[in-house]
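Q: Mind looking over this structure? Questions follow.
The values are calculated or read from the model by the stated rules, or taken from the named source; none is laboratory data. This structure is a prediction, so every number in the text was calculated from the model and none was measured. Neighbour counts are summed over all protein chains in view; Cβ atoms, including those assigned to glycine, are modelled from backbone coordinates with ideal geometry.
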Amino acid sequence: MSGHSTYVPQSAIGRWFESRLPILGLMHGSFVSYPTPRNLNYMWTFGAMLSFMLVAQIVTGIALAMHYTPHVDFAFASVEHIMRDVNWGWFMRYAHANGASMFFIAVYMHMFRGLYYGSYKAPREVLWILGVIIFLLMMATAFMGYVLPWGQMSFWGATVITNLFSAIPLVGEAITTWLWGGFSVDNPTLNRFFSLHYLLPFMLVGIVILHVWALHVAGQNNPAGVEVKNVQRDTVPFTPYATAKDGFALVVFLIFFAWFIFYVPNYLGHADNYIDANPLVTPAHIVPEWYFLPFYAILRAIPSKLGGVIAMFGSIAVLAFLPWLDTSKVKSASFRPVYKVFFWVFVLVAIGLGYLGAMPAEGGYVIAARILTAYYFGFFLLIMPLLGMFETPKAVPATIADAVLAKHGNVVMNPAE
Amino acid sequence: MKTFKSIFTAALIVGAAAMATAPANAAGEVENPSRQSWSFAGPFGKFDRAQLQRGFQVYREVCAACHTLNRVAFRNLSERGGPEFSDSQIKALAAEYRIKDFDDKGEPIEREGRAADRFPRQFVNADAAAAVHGVAPPDLSVIAKARGYSRGFPLFILDALPGMAYQEHGVDYLAALLMGYTNPDDLNWNRYFPGHAIKMAKPLSADQVAYTDGTPTTEAQYAKDVSAFLFWAAEPKMEERKRTGLNVMLFLLVFAGLMYFTKKKIWADVH
């Protein structure tokens, strides 16, 4: 899409530098002249928010790491030290802890948008799979980060999740011991989680760069789901159009974020994590952070431990196969009346699984979790392949420009060509 | 419009499925604490200095017999946004405590407390405390955030919303617990404690602590005052946080407005 850069810097120094390392041209091609479909709606602004959140988490995280002590005897105390004695420490910690939630809110919006508008379909398969890898890395990073304050939920959450690996036949126990660095979650576990929690975000940055690269090669999908045919008519330059729109959306998102940091900072957390970790006292209900709850519900819905673990990891792995599971010729759900209904059922099922993940695994809750889990997998493995064959899509606009004109009232305004 | 229709259809399908499997709610073991009106609730909430000072008095004369406050330093009691005792009061208070330390020859000594010291531990570790008290009495530094309850679906969603935000579950629970010893025959029975059998026997009774500001010396008053104090101990930067939040919000709202009109102007020629 972007092709060879035709960018020529205005200053002599810029031209001198550009002929030796064309990094200015790269930036110009990626964030200024890059053509974006003119019909993008606000669901396309979450990518910018995610980039912002990644940087914000790294910045607050580096500041927190300067004051945090990764040791079972001092970790909890060092977090309280940050909250009480470090200048702006309360802000750094609440921004980082709530920032993780904001990151996941944005990524779930981003993913549901991709699911609705068929953004995983050709030619964006690699772009989508890189996104799935980013999601997995995010989950690993967030999980290890939640262990660091070394409260009760940190400890018992780490115990439950690391124990999942013991379900692997033959080598499971050995792998779990290796992960722990001992025979239970203890100081070596905390130390390596801290080390990895610091490493993974930088790996995330690397994959995000690949993700953006792949995006700029394939070009953005759009609500009409038709590819750009005429750059002049179908697209607008990234700057100022997308930058202004992303900027506005980001500030609105920041208002939402700031509300949590300053007014309800502990709403998304769990009271038990303000109790020092105690290996001898198990909390009444061990619940992960909210963004893991749907997957936790799937884990507990399956009666066997190994089956549950396979289902949980499978529920994420299945996303990587979407480009080939969806057989529809039409990308956007706007023109797929039946898929649209199944999609919104899927959204509600995902929310329902989240609710069930927070409830005790007993009685009706388990039955409900099983039904919703069946739909979760059925949506990807049955509905998507079959619907593409049987559904009759509505007429798709020929070009993005046509879609824009149709939406803004001038229905049949065929430009003279 | 079409999209809303799809969402509606989807909601009907899921709703029907949910009703078919309506999970039995396992609630009803312990009733939820009643909500108090706290001066520090809400986006503009501030601590009531006199209440924090009275609460500290209750902590010191009653709770401190068993419970530590390890993460709070004496100096915190004179800092802005807290009970705001005077520096000389804090110096005198700290001097009443004996702090374990070492002299310059490395010999263990006990010296007078200073404002920079934290409240000292009564026991070397939890086992030593448990040996005396039966169970180790929890440290109270973050207890107001370490306790809480859920109002359940859908009320818990409202707890996050502007205008309805409710963040005082923990402190409401503490106040309720301290007033929850309603069985005169059993001082270890508590209405709000899970399972009702609590190791801490009824700690408060009327006229136990002599207030000097004319505030009624009732059990309920003590319970509320000490709970407020413990909320401050758990969240000593709350006033700074909410004050900063107001500035941040005003800035962001203006910024969002400017960005909105900028975006609108830039896009005016496209659509």
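Q: Look through region A:230-255, keep the residues that are facing chain B (nearest Cβ under 7 Å) and under 23 Å from B:PRO162 (Cβ atoms), and return whichever of them is surrounded by the fewest Cβ atoms within 10 Å (Cβ to Cβ).
A: A:ILE255
Q: Just a yes or no: is a residue in region A:114-136 over 30 Å from A:HIS216 (Cα atoms) and in the same structural domain as A:ARG192 (by TED's automatic domain parsing)?
A: The initial filter retains those residues of region A:114-136 that are over 30 Å from A:HIS216 (Cα atoms), namely none.
No - not one qualifying residue is present in region A:114-136.
Q: Do you know which residues across region B:116-144 are more than 12 Å from chain A (Cβ to nearest Cβ) and either under 18 Å from A:PRO265 (Cα atoms) or among the charged types (D, E, K, R) (or both)?
A: Within region B:116-144, B:ASP117, B:ARG121 meet the criteria.
Q: Does A:GLY114 satisfy the criteria of being within 20 Å of A:ALA48 (Cβ to Cβ) and crowded, with 22+ Cβ neighbours inside 10 Å?
A: The answer is no for A:GLY114.
Q: Oh, and also: Name every residue in region A:278-296 that is surrounded by 21 or more Cβ atoms within 10 Å (Cβ to Cβ) and within 12 Å of chain B (Cβ to nearest Cβ), in order of residue number.
A: none
Q: Quick test of your reading of the structure: B:ALA206 fulfils all but one of (1) surrounded by fewer than 18 Cβ atoms within 10 Å (Cβ to Cβ); (2) in contact (Cβ under 8 Å) with a residue 40 or more places away in the chain; (3) of a type in the set (A, V, I, L, M, F, W, C). Name the failing condition by number.
A: (2)
Q: Quick one: which of A:ALA258, A:ALA311, A:ALA317 is assigned to a helix (DSSP H, G or I), facing chain B (nearest Cβ under 8 Å) and farther than 30 Å from B:PHE193 by Cα?
A: A:ALA258
Q: Filter region B:145-164 down to the residues that are within 16 Å of B:PHE193 (Cβ to Cβ) and more than 7 Å from chain A (Cβ to nearest Cβ) and list them by number.
A: Scanning region B:145-164 gives a single hit, B:TYR149.
Q: Filter region B:40-58 down to residues that are of a type outside the set (Lys, Arg) and part of a helix (DSSP H, G or I), then give me how many there are.
A: 8
Q: Looking at this structure, is A:ARG233 more than 22 Å from the chain's Cα centre (by Cα), assigned to a helix (DSSP H, G or I) and at pLDDT below 95?
A: Numbers: more than 22 Å from the chain's Cα centre (by Cα): yes; assigned to a helix (DSSP H, G or I): yes; at pLDDT below 95: yes.
So A:ARG233 passes the test.
Q: Another question, if that's okay. Mind checking which residues of region A:362-393 are farther than 16 Å from A:LYS340 by Cβ, aliphatic (A, V, I, L, M) and either facing another protein chain (nearest Cβ under 8 Å) or within 25 Å of the chain's Cα centre (by Cα) (or both)?
A: A:ILE367, A:ALA368, A:ALA369, A:ILE371, A:LEU372, A:ALA374, A:LEU381, A:LEU382, listed by residue number.
Q: Something else: Quick one: which residue in A:THR69, A:THR141 is over 29 Å from A:PRO393 (Cα atoms), assigned to a helix (DSSP H, G or I), among the polar types (S, T, N, Q) and not assigned by TED's automatic domain parsing to the domain that holds A:TYR376?
A: Numbers: A:THR69 fails: assigned to a helix (DSSP H, G or I).
After ruling out the rest, the residue left standing is A:THR141.
Q: Now for a different question. Which one of these is crowded, with 16+ Cβ neighbours inside 10 Å and either in contact with a helix residue (DSSP H, G or I) (Cβ under 9 Å, 6 or more places away or on another chain) or not aromatic (Phe, Trp, Tyr) (or both): A:ALA333, A:ALA361?
A: When all the criteria are applied, what remains is A:ALA333.
Q: Could you check how many residues of region A:1-58 are over 25 Å from A:VAL231 (Cβ atoms), surrounded by fewer than 14 Cβ atoms within 10 Å (Cβ to Cβ) and of a type outside the set (Phe, Trp, Tyr)?
A: Keep residues of region A:1-58 that are over 25 Å from A:VAL231 (Cβ atoms), which gives A:11-17, A:19-21, A:49-50, A:52-58.
Adding the requirement that they be surrounded by fewer than 14 Cβ atoms within 10 Å (Cβ to Cβ) leaves A:11-13, A:15-16, A:19-21, A:55.
Now drop any that are not of a type outside the set (Phe, Trp, Tyr), which leaves A:11-13, A:15, A:19-21, A:55.
Residues that pass the stated criteria total 8.
Q: Just a yes or no: is a residue in region A:152-162 out of contact with any strand residue (DSSP E or B) (no Cβ under 7 Å at 6 or more places or on another chain), modelled with pLDDT of 95 or more and outside any helix (DSSP H, G or I)?
A: No - not one qualifying residue is present in region A:152-162.
Q: Looking at (1) within 9 Å of chain A (Cβ to nearest Cβ); (2) at pLDDT 95 or above; (3) not in a helix (DSSP H, G or I), which one does B:LYS265 not meet, given that it meets all the others?
A: (3)
Q: Among all residue pairs at least 6 apart or on different chains, which show Cβ distances below 8 Å where the first residue, located in region A:345-356, is modelled with pLDDT of 95 or more and the second is surrounded by 19 or more Cβ atoms within 10 Å (Cβ to Cβ) and among the β-branched types (Val, Ile, Thr)?
A: Taking only residues 6 or more apart or on different chains, the pairs are A:VAL345/B:VAL14; A:LEU348/B:VAL14; A:VAL349/B:VAL14; A:GLY352/B:VAL14; A:LEU353/A:ILE298; A:LEU353/A:THR373.
Q: If you check A:MET144 against the conditions, is it touching a residue at least 12 places away in the same chain (Cβ under 8 Å), within 20 Å of the chain's Cα centre (by Cα) and either within 14 Å of another protein chain (Cβ to nearest Cβ) or buried (at least 21 other Cβ atoms within 10 Å of the Cβ) (or both)?
A: yes
Q: Looking at A:PHE377, A:PHE342, which is the one that is without any contact (Cβ under 8 Å) to a residue 60 or more places away in the chain, part of a helix (DSSP H, G or I) and hydrophobic (A, V, I, L, M, F, W, C)?
A: Answer to the selection: A:PHE342.
Q: Does A:ASN266 satisfy the criteria of being under 20 Å from A:VAL79 (Cβ atoms), in contact with a helix residue (DSSP H, G or I) (Cβ under 9 Å, 6 or more places away or on another chain) and either surrounded by 22 or more Cβ atoms within 10 Å (Cβ to Cβ) or in contact (Cβ under 8 Å) with a residue 40 or more places away in the chain (or both)?
A: no
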